[in-house]
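Nothing in this text is a laboratory measurement; each read-out follows from the coordinates by a stated rule. Worth saying up front: this structure is predicted, and the values here are computed from it rather than measured. Positions of Cβ are generated from backbone atoms using ideal geometry, with glycine treated the same way; all protein chains shown enter the neighbour counts.
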Amino acid sequence: MESLFFKKFTLGISIYYAIYSVSAVQSNNPGNSPNIIVIIADDLGWNDVSFHGSNEIPTPNIDSLAYNGLILRNHYVLPTCTPSRTAFLTGRYPIREGMQGYPLLAGEPRGIPLTTKLLPEHLRNLGYSTRLVGKWHVGYSSDELTPAKRGFDTFFGYYNGFIDYYRHNATTIFGVTGYDFHRDNPKELKPDWARTGEYATDIFTDEAVKIIEEHDIHRPLYLQLSHLAPHSSDVEDPSLEVRNFTALKQAFHYIENVKRLTYAGMVTAVDESVGRVVEALNRKNILANSIIIFLADNGAPTFGEHENYGSNYPLRGIKSSFYEGGVHGAACVYSSLIKNPGRIVDDLVHMADWLPTLYAAAGGNDQDLGVIDGVNQWPTIERGEPGSRKSLLINIDEKVDREAAIIGRYKLLKKGAMPHYDGYYGNNIDDEDSSAPAYDLNAIMSSSTSQAILETTGVLANSSIILDLRARGRIICEPFTKFANCSETCLFDLEIDPCETTNISNRFPDMVEMLENFIAGYRNVLMNQTNAPVDPKSYPECHNGVWMPWLDAEDDIMGKLSI
Ligand SMILES: *[C@@H]1O[C@H](CO)[C@@H](O)[C@H](O)[C@H]1NC(C)=O
């Protein structure tokens, strides 16, 4: 009895403190900051969300977010995971952090320099409870680099680029393998075996739902759900990447290719996850004051390393290329705070924009954020003001001398590898040969997401709105067979040639020069890639079979990288 009373009493105190700290730092939006839920899909193709992609893999919950919120039609990301997540978390181009190159390998001693403050830390300063579920992949060589030491109150997930869906092991290209599943808080980092053998997408969703259910509504919530799916786990047996392969074969009887079928299973589970999260927000009565963002971290690797049989159609190129297929990512936002929802935003938006955008939506002042490359897109998202971003750096990879940038409608690309789609799977919407079923409007309107939105707001996008948005959200290219060779310099007009077929650099030398100068400006702030040899001291055999931080802060190279 006594101890229960004591618990209640201390809980009361902590609520008091939470409210106090919120109002102390927030002047323009006291105590009413929106909850922010960011759901990131790993290696998802442009064509693999049905709100602007093919019918083959229906994503009714994600589509509902898009139609009842808005579609970001020109959302740019970095071409691979580590750089893309770096941009998201820092609000800066990853060239400023030495993180622009090949993604972090298991056991590689590096990370985002500690001198750069991350999004969760900024939001925590505004009173947010900050939670990360799923993938990290921006460094863990010493404790200081791990998520629970960099602004997240809790972390439940994996440190490396990917794990396998059931055993939760991360395996390096050298075949070194170990367990990579953790439950961390700022005081304690520890591996968690409680749900070994269960399907990763479901475990992450369960955790996200539990966080929402147990959330103290007197504080705003920042929940980042960074899914493993639909990243390949590089296994041969398809039943190891999906929930139930037999059921999947029945549901997607029209997909013949087994790997594409497996991919459909992974994407479907992500879509259901979105539905469960939105449903939980509604049950908790906080959906009305929430912002939900759904993003792909980069394009699908349809071919080669970690190929997952995703589709970036009709965009050219794949994950890790600087073509649109690698860097033009699927994205949508839902919030009942959005005025005139059901919009397509054609303005340029970059992964680095989320930090100032969310900070502003949370009531913060973007002047607090130091040197960033992101721009605040909240006025565009919330009320349709013209976007203030007119240009963006796609990336500079100083090791292979590849670089790309966009100004307005023009894109410059130097030393682009990969001539075409390099293996494309999945049908276009209008493909007459497609055996996929017709687009199912009822599935969207009766999805968990739509039901939750309807209960919260009383309104829902109807069939004609859905069909109109879907038609306008697509990117369409004329049938073509030849692609410009970009081993030297290509200039594309993305407005008339979004599929990057025709090099117009000879016709617009001034534009080429302007883009070259734009990129050259960023060379001045570039930190050379910090990619380092894998450290054998990191191997799980030294840490009870688990990938864990293995260096003291003083020995970690990152400590020496203060700018
Ligand atoms: C997998 O799905 C099949 C077909 O729907 C069903 O009969 C079977 O019980 C399922 N297996 C498991 C383990 O749930």
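Can you flag which of 135/187; 390/482; 319/414 are past 26 Å Cα-Cα? Spell out each step's value before the answer.
On the way: 135/187 20 Å; 390/482 29 Å; 319/414 17 Å.
Exceeds cut-off: 390/482.
Please state, to two decimals, what the Cα-based radius of gyration of the range 486-540 comes to when divided by 2.2 N^0.38 Å (N = residues).
Details: Rg = 18.4 Å, N = 55, 2.2 N^0.38 = 10.1 Å.
Cα Rg divided by the expected 2.2 N^0.38 Å: 1.82.
How about the range 451-525: which GluC sites (Glu not before Pro) there lie in a loop by DSSP and see at most 15 other Cβ atoms within 10 Å? Present the calculation step by step, with values, prior to reporting the outcome.
Numbers: sites: 455, 488, 495, 500, 513, 516; in loops: 488, 495, 500.
Filter output for the range 451-525: 488, 495.
Which whole-Hz couplings ³J(HN,Hα) result when phi for each residue of the range 85-92 is put into the Karplus expression 6.51 cos²θ - 1.76 cosθ + 1.60, θ = phi - 60°, listed in order with x for Gly and Pro?
These are the phi-based 3J(HN,Hα) values: 5, 5, 4, 4, 6, 9, x, 10 Hz.
Normalise the Cα radius of gyration of the range 275-318 by 2.2 N^0.38 Å (N = residues in it) and let me know the number. Could you put the intermediate results ahead of the total?
Numbers: Rg = 16.5 Å, N = 44, 2.2 N^0.38 = 9.3 Å.
Compared with the compact-globule rule of thumb, the range 275-318 sits at 1.78.
Which cysteines in the chain lack any other cysteine whose Cβ sits under 4.7 Å from their own Cβ?
81, 332, 542
Scan around residue 331 for amide H atoms under 5 Å from its own, H built in the peptide plane at 1.01 Å from N, and keep only partners 5 or more places away or cross-chain.
Those lying under 5 Å, H to H, from residue 331 are 72.
Over all Cα pairs of the chain, how is the pair count split among 10 Å bins, expressed in % and running from 0 up to the last occupied bin?
Here the calculated profile for the chain is 4, 18, 30, 29, 15, 3, 1, 0, 0.
Evaluate the range 198-320: find the radius of gyration of its Cα atoms, find its Kirkwood radius, and give the ratio Rg to Rh.
Working: Rg = 16.4 Å, Rh = 16.0 Å.
Ratio value, two decimals: 1.03.
Sequence-distant or interchain residues sharing an amide H contact under 5 Å with residue 38, placed H: which?
Amide H neighbours of residue 38: 223, 224, 225, 293.
So what are the ³J(HN,Hα) numbers for the range 503-515, from phi and the Karplus equation (6.51, -1.76, 1.60; θ = phi - 60°), rounded to whole Hz, Gly and Pro as x?
The phi angles translate into 7, 10, 4, 5, 7, 10, x, 5, 5, 4, 5, 4, 5 Hz.
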